[in-house]
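The values are calculated or read from the model by the stated rules, or taken from the named source; none is laboratory data. These figures come from a predicted structure and were not determined experimentally. Neighbour counts are summed over all protein chains in view; Cβ atoms, including those assigned to glycine, are modelled from backbone coordinates with ideal geometry.
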4 protein chains.
Amino acid sequence: MTVEIKKIGVFTSGGDSPGMNAAIRSVVRTCAYMKIDCMGIYRGYQGMIEGDFKPMDARSVNNIINKGGTILKSARSLEFQTKEGRKKAYDQLQSAGIDGLVVIGGDGSFTGALIFHKEYNVPIIGIPGTIDNDIFGTTYTLGFDTALNTVVEVIDKIRDTASSHNRLFFVEVMGRDVGHIALNAGVGAGAEEILIPEENLGLERLLESLKRSKASGKSSSIVVVAEGDKTGKNVFELKEYVEEHLPIYDCRVSVLGHMQRGGSPSCFDRVLASRMGVKAVEALLEGKSSLMVGIQDNKITLTPISKAIKGHTKIDKELMRVSDIMTV
Amino acid sequence: MTVEIKKIGVFTSGGDSPGMNAAIRSVVRTCAYMKIDCMGIYRGYQGMIEGDFKPMDARSVNNIINKGGTILKSARSLEFQTKEGRKKAYDQLQSAGIDGLVVIGGDGSFTGALIFHKEYNVPIIGIPGTIDNDIFGTTYTLGFDTALNTVVEVIDKIRDTASSHNRLFFVEVMGRDVGHIALNAGVGAGAEEILIPEENLGLERLLESLKRSKASGKSSSIVVVAEGDKTGKNVFELKEYVEEHLPIYDCRVSVLGHMQRGGSPSCFDRVLASRMGVKAVEALLEGKSSLMVGIQDNKITLTPISKAIKGHTKIDKELMRVSDIMTV
Amino acid sequence: MTVEIKKIGVFTSGGDSPGMNAAIRSVVRTCAYMKIDCMGIYRGYQGMIEGDFKPMDARSVNNIINKGGTILKSARSLEFQTKEGRKKAYDQLQSAGIDGLVVIGGDGSFTGALIFHKEYNVPIIGIPGTIDNDIFGTTYTLGFDTALNTVVEVIDKIRDTASSHNRLFFVEVMGRDVGHIALNAGVGAGAEEILIPEENLGLERLLESLKRSKASGKSSSIVVVAEGDKTGKNVFELKEYVEEHLPIYDCRVSVLGHMQRGGSPSCFDRVLASRMGVKAVEALLEGKSSLMVGIQDNKITLTPISKAIKGHTKIDKELMRVSDIMTV
Amino acid sequence: MTVEIKKIGVFTSGGDSPGMNAAIRSVVRTCAYMKIDCMGIYRGYQGMIEGDFKPMDARSVNNIINKGGTILKSARSLEFQTKEGRKKAYDQLQSAGIDGLVVIGGDGSFTGALIFHKEYNVPIIGIPGTIDNDIFGTTYTLGFDTALNTVVEVIDKIRDTASSHNRLFFVEVMGRDVGHIALNAGVGAGAEEILIPEENLGLERLLESLKRSKASGKSSSIVVVAEGDKTGKNVFELKEYVEEHLPIYDCRVSVLGHMQRGGSPSCFDRVLASRMGVKAVEALLEGKSSLMVGIQDNKITLTPISKAIKGHTKIDKELMRVSDIMTV
């Protein structure tokens, strides 16, 4: 199946995450180092369909390693979900001479990549770029570490005002299906309670925990709530529920939202992106395809994309226990 | 009217703001320097009523200059709005030997101070601590500068993701009655449009401006909205309105909320707090009362509290014009 | 003397400072708003001599308001100090049709501007861009506020390790001729002692102050030293002197250096830059020249450059006293 | 060998690192959760000798998870290196009823722990707290991640001014014996060249690399130098050497120094500290001793301290190659 790769296309797809630019830079520079051509594909699969390409050399990625977002932009493409759309995309790649792809994105982007590869046999390697850290085959996804720092820095600020006023804050963080951000940032921010999609501890337990916390002498508390928590209540309803059942607290809500996706990447994410980009290009040059670059035990690894998208990484039971102990 | 001051009580009242701790530190250390006693009063007027006092010396304020919030806590006190409450407060001050007060807070706190002074003739000096910058007699209130930095840093992050996805973001910032945060942070963050309580430019203009911006080649935009904007729509309704009338944009909302009150104070706020604390104690020692410390033309000044609370500082027309020009 | 201005050249000169990009953006966009042409001149006066120009429109300054450094680069030009060099520069401006200049820089840059204007009568307006805050006619120079935040954030970190090990740190900050950074950041960081070029308090006083501090129960201390302090010792010699004469302290040195010039500008500097850029263009269009834009009492003002460069702004005696009191 | 543990002493030793406070908090709260006593030992082994102890409960570690430094202080102890000193320490532990120890520190601290355990059989568990990341048996030491972020943030600022002036900066970072900070932060900051103790690439290669970089169109460059680099020249001599042999660059030096040890810990370090503290207490309660808690493949592990201190972790060859490729 090995084809000789002469020109690699790189693109970002799905929700953006900090470190995507560092990964683009790494792919582009590795191509330059290996003396093969590199083409930036704008706006993900949609740009591929439209032939929105631009040649990139080592200098075109100067000064982006520390920038949030993605210079190649990202977009949803309904058209790529159709056979016609994918045909157009393939034709564009053909006429541009692109014979290998690196996709930086999450599981939705990877699913598209698999289908495309099956239909047109264009070699494609994935780099997991998402703040959610929800992909099999890698301990960390690109952007997760930065998002955690963003969240704890904001909660640190919220705690200032919470403890000045003896308030209870409900802080909603990203995570519709997985609670990795909530759990890690919750532990990092010293949250009293953490509500995640993976486990419904029940509203009773929340009240108990908050009562105990107040009794123990804590003057203020933070409850971190993942978007997809399973209590059946959103963060505003949770606040009302607690105010009603536990009138000892003056409650407030803060929804962190999209700021979690942005910001200059942490050193960890920059280094990870640099390592992953090199590996992605190398894999293509070795004739591989349909694999995702990951990091496991601090080594850069390759995992079949088909496995990577099969399910979510599980929440860490040990860390949930640590969270419990910390709120003693 | 001069009484010899031997013991000063200091407290924070109303919404907290970054720099309050630096101001407390300054009051406490100036007392130590002047060799008079200082008493920390916890939880504002409510703590005064309850006699929640603690003697403070130079070392009790170590390592707080860079901390957000207020170590003396803050609280609303309904009881202090009654004659009985104020009587209790006075009795507590008497029995603790406190013969002068420094109140760090906003206009609500100052109003209480004036009434209390009229009734009991306890000398009282105010330090304007609020992120809203809405007090007459000072160009800057404590915490305003820090809040602006917090807001622009968050909007910088939001812009990363906005421009990656060609989105329009509506960002709500604090400011129920005044638009100083919105206007300054909006200009600082390069916002496309800024909606403030002081001026209703109308929804038509907003649409025009966004249309023009898109046409000019901008791929993403930020609209900063003060809580109290006068369009008659809240930030979520604004988003819906724009999506409906201007379907060229993919819109999102972000409500920054209480994080704006927290965080380590900027150097500006720390220096301002240090200067104001010295002046407040000096004013008391000079037999003055019912004055607010301010900064005007980079000089520390004193203004009658009665004038300070009379109305809001006006929005800067020149800065509104600058904002207009910047979004060309 | 009024000439009709059709094309404005903008450049940065001397040491860079945070906010220069925001000022460039403001000048460029104000030109666009006023419908006159704008030309970016690269590398200061040297680029002017070499005709290193590039037309700029409103979109060429997208996404730079929050960037440190200067996209127009800066450089020293020995050639511009010669008559021949300035002749070349004038010829380049002529052939590019540039009939007005905005120079963003410090007093060296302004001196060059004055000479050039005298010789060739090209209208020129200055914007004070330097972290040193040493220019008459403006309370704040562009970049000063950001530099202060950088310094206090770093000293906050140094204090963590200082107080963990009960150490005394000597921290050198920028300021060869003026102590504004040292004094303000020293007060903001809670420094025990601040050594500035303007006043030589003597080594005896330093020892006394440190002895008193130790005796008062402080476990660690920070001494902020401006580059140009007048003790006759550099920061390393100071450390040795104190170690020798006051063996109660374990001492360390930290020289902050060039990081003070970089970084994303604070909101204050971004807003200031935006306001100054508008005023600079307006002044040119009103036929003015040889003036510097400044901010005084929160209003944007114009001062003859000849006055601005005449001497340094004086150190604030009141703030020195505040510093003394704070270290009680 | 199992003894029933009733009271655990916790202390920090050696150079401080961000996350130490979070680890103290975790040890203290885990003790509270397990319903055993906990005693804080101040100033490391020296405080142990002097009996500088303080009982700690869950509330005594409120609000420290996000603080740099160590509330228990740290110090070198020459006395503990003597038999007499260790005897005193043991007697102090005995009389305080401390029957288990958690030491948070680096390899020096661990060596002391091993000797002490051999002599007095007090169970002791280590938590690797050092920014150097130079300890076997853990992929990450506490504080390493935070230090990397500090370094890249500072280099980002330095790059602003470097690229404004087309300069070459030599930035010295910590690392006398190991180059982990230099290599990771160098890759993260996009450094042109990275000089580490583990490998002497020679000055010729440095010149070649810088020449190539200039030729490739880069206008500015950063060289990251670990303290213990093997070129035989310190960072100032390096600068002079390059200026002499490669006069195309205007060079500057920045020595980052102790700021690298301080600062609020990253989320990663806070979570790691929390997990490690739990494991340390659990290990003691299970009758274990002389083990170090580590993290490997994202799991919390235990390694004999004797192995942990045997040698340095090796520099990552793959990452060095990534660094090479990135500077194409």
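Computed values, structure above
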quantity: Check on D:GLY100, closer than 30 Å to D:SER266 by Cα and crowded, with 24+ Cβ neighbours inside 10 Å; calculated: yes
quantity: Only listed residue being assigned by TED's automatic domain parsing to the domain that holds D:GLU119 and polar (S, T, N, Q), chosen from D:THR231, D:THR301, D:THR327; calculated: D:THR301
quantity: Of all residues in segment C:148-194 being facing another protein chain (nearest Cβ under 9 Å) and among the small types (Gly, Ala, Ser), the one that is surrounded by the most Cβ atoms within 10 Å (Cβ to Cβ); calculated: C:ALA185
quantity: Failed condition for D:VAL271, given (1) of a type outside the set (Phe, Trp, Tyr); (2) in contact with a helix residue (DSSP H, G or I) (Cβ under 7 Å, 6 or more places away or on another chain); (3) more than 10 Å from chain A (Cβ to nearest Cβ); calculated: (3)
quantity: Residue selected from segment C:274-298 under the condition out of contact with any helix residue (DSSP H, G or I) (no Cβ under 9 Å at 6 or more places or on another chain) and among the aliphatic types (A, V, I, L, M), by the criterion surrounded by the most Cβ atoms within 10 Å (Cβ to Cβ); calculated: C:LEU284
quantity: Subset tally (residues that are hydrophobic (A, V, I, L, M, F, W, C), closer than 23 Å to B:ILE158 by Cβ and within 13 Å of the chain's Cα centre (by Cα)) for segment A:122-172; calculated: 5
quantity: Elements of type helices (runs of 4 or more DSSP H) in segment A:176-283, at least 2 residues being within 30 Å of A:GLY68 (Cα to Cα) and small (Gly, Ala, Ser); calculated: A:180-188
quantity: Among (1) within 14 Å of chain C (Cβ to nearest Cβ); (2) surrounded by fewer than 24 Cβ atoms within 10 Å (Cβ to Cβ); (3) of a type outside the set (Lys, Arg) - the single one D:THR301 does not satisfy; calculated: (1)
quantity: Failed item in (1) within 14 Å of chain A (Cβ to nearest Cβ); (2) within 22 Å of B:SER74 (Cα to Cα), with B:ALA280 passing the rest; calculated: (1)
quantity: Verdict on D:GLU244 being among the charged types (D, E, K, R), without any contact (Cβ under 8 Å) to a residue 12 or more places away in the chain and either closer than 30 Å to A:ASN184 by Cα or in contact with a helix residue (DSSP H, G or I) (Cβ under 9 Å, 6 or more places away or on another chain) (or both); calculated: no
quantity: Conditions (1) in contact (Cβ under 8 Å) with a residue 24 or more places away in the chain; (2) surrounded by fewer than 16 Cβ atoms within 10 Å (Cβ to Cβ); (3) on the phi < 0 side of the Ramachandran plot: number failed by A:ARG252; calculated: (2)
quantity: Residue satisfying all of: in segment B:195-226; basic (Lys, Arg) and either within 27 Å of the chain's Cα centre (by Cα) or surrounded by 15 or more Cβ atoms within 10 Å (Cβ to Cβ) (or both); farthest from B:HIS245 (Cα to Cα) among these; calculated: B:LYS218
quantity: Within segment C:19-52, tally of residues that are under 25 Å from the mean Cα position of the chain (by Cα) and not in a helix (DSSP H, G or I); calculated: 8
quantity: Tally of residues being in a helix (DSSP H, G or I), over 9 Å from C:GLY137 (Cβ atoms) and aliphatic (A, V, I, L, M) across segment C:285-318; calculated: 1
quantity: Residues of segment A:10-44 that turn out to be under 30 Å from A:MET174 (Cα atoms) and either modelled with pLDDT under 95 or in contact with a Gly (Cβ under 9 Å, 6 or more places away or on another chain) (or both), as a count; calculated: 21
quantity: Among (1) of a type in the set (A, V, I, L, M, F, W, C); (2) in a helix (DSSP H, G or I); (3) surrounded by 24 or more Cβ atoms within 10 Å (Cβ to Cβ), the one test that A:ILE115 misses; calculated: (3)
quantity: Count of segment C:287-327 residues which are β-branched (Val, Ile, Thr) and either without any contact (Cβ under 8 Å) to a residue 60 or more places away in the chain or closer than 30 Å to C:LYS7 by Cα (or both); calculated: 8
quantity: Residues of segment A:53-87 satisfying the condition of being more than 16 Å from A:PHE116 (Cα to Cα) and not in a loop (DSSP other than H, G, I, E, B); calculated: A:PHE53, A:LYS54, A:PRO55, A:ALA58, A:ARG59, A:SER60, A:VAL61
quantity: Qualifying residue in segment D:223-232 (condition: away from chain C (no Cβ under 14 Å), closer than 30 Å to D:ASN166 by Cβ and of a type in the set (S, T, N, Q)); calculated: yes
quantity: From A:LEU246, A:LEU195, A:LEU183, A:LEU256, residue being more than 30 Å from A:THR139 (Cβ to Cβ), among the hydrophobic types (A, V, I, L, M, F, W, C) and out of contact with any Pro (no Cβ under 9 Å at 6 or more places or on another chain); calculated: A:LEU246
quantity: Cβ-Cβ under 8 Å pairs, at least 6 apart or on other chains, segment D:26-54 side free of Cβ contacts under 8 Å to residues at least 12 places away in the same chain and more than 14 Å from chain A (Cβ to nearest Cβ), far side surrounded by 23 or more Cβ atoms within 10 Å (Cβ to Cβ) and assigned to a loop (DSSP other than H, G, I, E, B); calculated: D:ASP52/D:ARG43
quantity: Some residue of segment C:239-262 being more than 14 Å from chain D (Cβ to nearest Cβ), acidic (Asp, Glu) and under 30 Å from B:ILE155 (Cα atoms); calculated: no
quantity: Residue within segment C:72-83 that is surrounded by fewer than 17 Cβ atoms within 10 Å (Cβ to Cβ), without any contact (Cβ under 8 Å) to a residue 60 or more places away in the chain and among the acidic types (Asp, Glu) present; calculated: yes
quantity: A:LEU246 being crowded, with 16+ Cβ neighbours inside 10 Å and in contact with a strand residue (DSSP E or B) (Cβ under 8 Å, 6 or more places away or on another chain); calculated: no
